[in-house]
Amino acid sequence: MRWCYKLYMKKVATWIMTLALVFSFAACSKGSKGEGSKANFAGTAEGGKELVTAVQKGNADFLPSLKPSEADIAALFDPSATAQISAYVAKTYEELAKAKIGGKEGQTELLFNTAQSDDFVAANEAAKAFPGGYTMNAAKFKPGITWYAWKYVKPGETLGMAFDGLTFVNNHWVWIPKPFRAFR
C-alpha cells in the first residue's frame, strides 16, 4: 500500500512540475502588446541583452509583443514624424512575421550597443555604433530615449547579423528596426 501511495505522489509531483513549466512558457509568449517582453525582461541594458539573446536562441515567440502602439510611437518620436513611423511599423511587422530573426550558423556571440537619442544629435562615439540614418534623422527622435543596437557575431569577429531599433518605453520593450527608413 505504501509503494502505491509513493508512486501516486511521484506522478502528482511530475504532473504539477509539468503544468508549472507549461504555464511559465505560456506567460513568456503572451500575445498582447508588450506583455511578454514586459514580464520577462527588465527595462535595462541587461534586460535588452537577455531579450536579444532569447531571440538568438530561437525563443522569439514574443516578437509580435514588441510591436509599438501609437502611444509608444508618440513617446519616442517628434509629432511631425509619428504618421510616417506608424505606417512604417505596420509594413515592417507584416514583413517580420515572415522573417527569421537571429544570427547565422556560428554567430554565437553578442555585441550590444547603447545610445541616447541625444547622442544621434551630437553624432558622437555612441551614435557611431548605429546606422548613419539615426544621426541623419536625429531631429525626429525625442530626446532622452535610450536605443539599442546589436550584432550576432562569430567569436572574435565584429561583423555579423546587425539589428537596431530596440528601446524600452511605457514600461515595455518595443522594436522598430531601422526606424530612419520611415523618413526616406
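We did not get these values from a lab; they are worked out from the coordinates using the rules stated. Bear in mind that the values here come from a model prediction, so they are computed numbers and not experimental data. In this analysis, Cβ positions are derived from the backbone assuming ideal geometry, glycine residues included, and neighbour counts consider all displayed protein chains.
Odds and ends about this structure:
- Extension gain (nm, one decimal) between F183 and M161, 0.36 nm per residue minus Cα-Cα: 5.6 nm
- Members of K100/K140; K57/K151; K140/K178 lying beyond 20 Å, as alpha-carbon distances in this model show: K100/K140
- For region 53-174, the Cβ-based charge dipole about the Cα centre amounts to some 240 debye (Lys, Arg positive; Asp, Glu negative; other atoms uncharged).
- Candidate aspartates and glutamates for bridging to K98, where Cα separation is under 18 Å - those fewer than 8 sequence places away on the same chain excluded: D61
- Computed label-point distance, nm, for sites A99 and E46 using a 7 Å Cα→Cβ extension: 2.9
- Spin-label model, A75 to K128: label points 7 Å out along the Cα-to-beta-carbon direction sit 3.2 nm apart.
- Net length available on complete extension from K57 to A139 is 26.0 nm, with 0.36 nm assigned per residue and the Cα-Cα distance removed.
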